[in-house]
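These notes are about the structure you will find just below.
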Amino acid sequence: MQVHGWHPLAAIPLVLVLGAGFGGLMGTLVERYRLQPFVVTLAGMFLARGAATLLSVESIGIDHGFHVAVANLRIPLGGGASLSVGAVIALLVVAGGAVLAGMTRFGRSVYAIGGSEQSALLMGLPVAATRIGVYALSGFCSALAGVVYTFYMLSGYSLHASGLELDAIAAVVIGGTLLAGGSGYVLGTLFGVLVLGLIQTLIVFDGTLSSWWTKIAIGGLLLAFCLLQRLLSRRATRAGDGG
């Protein structure tokens, strides 16, 4: 099914604003009513996916000239190599996230809250505003990821990227971010994404293994990193007590 709708220059900013607003709403619910973040975000995911299904249960093709031109655009790097617009956007997001986390007051507040919310409150940090801002930023990035995915698929479908939220968690953990909070780097998450991509590529090129081995390998690697994090945190705690 092909549709002719809004111009992408109008539709894309609207989607990004809606994503940021929806994320901010979930952050407000978590902060105001002290709800479990996992439950709130899970409910939000089901709500958003259900709303997308109400719009259409079928894949909607995108044939707008501007969108197609952007999807087919390649930025040459020399030597026959090139980058797609989606790859450029991803690299810009990584760079922006690294700067935001390491060089801004907002980023330092996020680390402080992740380490100890009570300590952050005692230091006078804007805990509530920062937490809501984190959810709004997450919603914005999720919407941006959806836009980039449309450049790759040239279509929109409510089941696109289903299950990738778990891959995102795996990439973050493999990249060295502590599940307990307070420690982690954006560039580490990029490393986690590259590791997952390498595993998938090796299994595909092997040719003799089922694609489900990708999930098995990622699950085993995720478990190993979680155990490693636990071991390192225990050693750090013992070293601190000994000091």
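The numbers here are math on the coordinates, done by the rules we state, and not lab data. Everything numeric here is computed off the predicted structure, so don't read it as measured data. A quick note on method: Cβ atoms are made from the backbone with ideal geometry, for glycine too, and the neighbour counts reach across all protein chains shown.
Things to note:
- Between the stretch 34-87 and the stretch 128-153, the Cα center-to-center distance that results, in Å: 11 Å
- The dipole here belongs to the chain: it is taken about the Cα centre, uses +1 on the Cβ of Lys and Arg and -1 on the Cβ of Asp and Glu, and is about 660 debye.
- Computed label-point distance, nm, for sites A129 and A239 using a 7 Å Cα→Cβ extension: 3.6 nm
- Of Y185, Y149, Y33, the one that fluctuates the most in a GNM where the chain has Cα springs shorter than 10 Å: Y33
- Compared with the dominant principal axis of the Cα atoms in the chain, helix 85-103 is inclined by about 20°.
- Taking each DSSP H run with n ≥ 4 as -39500 (n - 2.57) and averaging over every residue of the chain yields -25000 deg cm²/dmol at 222 nm.
- Whether the stretch 1-97 is rounded, prolate or oblate, judged on the alpha carbon gyration tensor where a/c under 1.5 counts as rounded: oblate
- Amide H to amide H, with H built 1.01 Å from N, L83 comes under 5 Å of I75, L77, counting only residues 5 or more places away or on other chains.
- In degrees, nearest ten, helix 186-206 long axis to first principal axis of the chain (Cα): 50 degrees
- Anisotropy class of the stretch 143-227 from Cα gyration tensor, a/c 1.5 cut: oblate
- Principal-axis tilt of helix 105-115 within the chain, Cα atoms, nearest 10 degrees: 60 degrees
- Global form of the stretch 93-171, assessed from the alpha-carbon gyration tensor, a/c cut-off 1.5: prolate
- Note: relative contact order over the chain, using C-alpha pairs below 8 Å and six or more positions apart, is 24 percent.
- Between the labelled values (i) 179; (ii) 133; (iii) 122, the entry that holds volume of the Cα convex hull per residue in Å³ as derived from this structure is (i).
- Restricting attention to the chain, close to 75% of DSSP beta bridges with both partner residues there are antiparallel.
- From least to most packed, judged by other beta carbons within 10 angstrom and beginning with the fewest, L77, L178 follow the order L77, L178.
- Backbone amide hydrogens, once placed in the peptide plane, bring S155 within less than 5 Å of I62, excluding anything fewer than 5 places away on its chain.
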